[in-house]
Amino acid sequence: MRHVWSYILMIADERLVTLLGQPDLSAAFDCTDHSMLLDRLRFAVVLSDSVLDLVRSFLTDRTQQIAYSGQLSAVQPVLFGVLQRSVLGPLSYLLYTAELALVVTRHGLNLHQCANDMQVNVSTSASNAEAAVARLTACLVDIEAWLKASRLRLNPTKTQVMWFGSPAADQSQHLTSAIGVDTYQWRWHMTLESSLTVTVNDAVYRCLHRWPLCV
């Protein structure tokens with residue numbers, strides 16, 4: 001997030017505003033499909049057979065069992081999920097979702113990822129705010145479709161969209177007019193002061209549009 005924040009500050013110096021989306025995924029690590037991951041490592045990342053065998057040994061032959069009230073469930077194979085508290089787990093997840101960069105790039109937006117944390121942003125003049133919202137909305141539609149095809153689920157109630165801008169630019173009217181465009185759950189209009197601190201406007205704009213949940 002620090003890299004994204006530095007980018008937003010540099011853009012604000014140019015009297016531009018930044019629209020930032022933070023898609024939230026439900027249980028992203030737990031939903032990673034082992035079979036799809038291995039296929040992507042073979043054909044997209046093009047790992048050698050020896051490296052691929054190492055990753056396969058990390059994923060396969062794992063089992064799980066649930067203990068509740070003194071009772072044990074039957075032992076079941078683990079077909080989904082990568083370990084979060086390991087070095088290879090977050091790396092495997094990033095490789096599993098690497099194609100998201102192509103999805104975002106098609107819309108001319110920027111993608112920043114750190115494990116399962118994701119930020120998508122676009123910078124523009126305040127007068128082109130509505131066009132920026134439309135581009136981000138279309139990008140989120142494609143992101144959701146890609147995630148759905150990858151057995152991952154976007155969480156609409158925790159996905160946030162917010163504006164960042166400098167008071168040096170006359171932007172309030174343009175940003176307010178962009179509120180009527182359907183976006184994700186809600187957005188904030190945040191102003192970057194000269195001291196590099198952030199203040200949130202008294203008005204927090206909420207959009208009633210709810211994103212359809214994946215099934």
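The values are calculated or read from the model by the stated rules, or taken from the named source; none is laboratory data. Since we're looking at a predicted model, the values are computed, not measured. No Cβ is skipped: glycine too gets one built from the backbone with ideal geometry, and neighbour counts run over all protein chains shown. Calculation scope for accessible area: heavy atoms of the full protein, side chains included, ligands and nucleic acids excluded. Shrake-Rupley method; radii C 1.70, N 1.55, O 1.52, S 1.80 Å.
What residue, among those in the range 138-151 that are open to solvent by 10 Å² or more (accessible area, probe 1.4 Å) and in contact with a strand residue (DSSP E or B) (Cβ under 6 Å, 6 or more places away or on another chain), is farthest from D30 (Cα to Cα)?
E144
Mind listing just one residue for me: the one in the range 1-45 that is among the charged types (D, E, K, R) and within 21 Å of the chain's Cα centre (by Cα) and, of those, modelled with the lowest pLDDT? Reasoning before the result, please.
Of the residues in the range 1-45, the ones among the charged types (D, E, K, R) are 2, 13-15, 24, 30, 33, 39-40, 42.
Okay, now just the ones that are also within 21 Å of the chain's Cα centre (by Cα), so 2, 24, 30, 33, 40.
Working: R2: 67, D24: 87, D30: 91, D33: 94, R40: 94.
The residue in question is R2.
Yes or no: R135 outside any helix (DSSP H, G or I) and open to solvent by 60 Å² or more (accessible area, probe 1.4 Å)?
no
Would you confirm, using the coordinates I've provided, whether L109 is within 25 Å of R153 (Cβ to Cβ) and either at pLDDT below 90 or of a type outside the set (K, R) (or both)?
Values: within 25 Å of R153 (Cβ to Cβ): yes; either at pLDDT below 90 or of a type outside the set (K, R) (or both): yes.
So L109 passes the test.
Could you say whether any residue in the range 158-171 is among the β-branched types (V, I, T) and not in a strand (DSSP E or B)?
yes
If you take the residues in the range 118-129 that are polar (S, T, N, Q) and in a helix (DSSP H, G or I), which one is farthest from R40 (Cα to Cα)?
S127
Considering only residues that are open to solvent by less than 50 Å² (accessible area, probe 1.4 Å) and out of contact with any Leu (no Cβ under 7 Å at 6 or more places or on another chain), which ones fall in the range 77-90? Reasoning before the result, please.
Applying the first criterion (open to solvent by less than 50 Å² (accessible area, probe 1.4 Å)) to the range 77-90 yields 78, 81-82, 86, 89-90.
Residues satisfying the conditions are V78, G81, V82, S86, P90.
Which of the residues spanning the range 45-76 are among the β-branched types (V, I, T), open to solvent by less than 90 Å² (accessible area, probe 1.4 Å) and over 16 Å from E99 (Cα atoms)? Break it down stepwise before answering.
As a first pass, look at the range 45-76 and keep what is among the β-branched types (V, I, T): 45-46, 51, 55, 60, 63, 66, 75.
Filter again for open to solvent by less than 90 Å² (accessible area, probe 1.4 Å), leaving 45, 51, 55, 60, 75.
Passing the criteria: V51, V55, T60, V75.
Which of the residues that make up the range 1-44 are polar (S, T, N, Q) and open to solvent by less than 50 Å² (accessible area, probe 1.4 Å)?
Of everything in the range 1-44, those that are polar (S, T, N, Q) and open to solvent by less than 50 Å² (accessible area, probe 1.4 Å) turn out to be T18, Q22, S26, T32.
Has the range 89-104 got any residue that is without any contact (Cβ under 8 Å) to a residue 60 or more places away in the chain, under 16 Å from L37 (Cα atoms) and in contact with a Gly (Cβ under 8 Å, 6 or more places away or on another chain)?
no
Could you grab the pairs with beta carbons closer than 8 Å, sequence gap of 6+ or different chains, first residue in the range 110-139 and without any contact (Cβ under 8 Å) to a residue 60 or more places away in the chain, second one open to solvent by 50 Å² or more (accessible area, probe 1.4 Å) and among the β-branched types (V, I, T)?
If the second residue must be open to solvent by 50 Å² or more (accessible area, probe 1.4 Å) and among the β-branched types (V, I, T), the pairs left are L111/T105.
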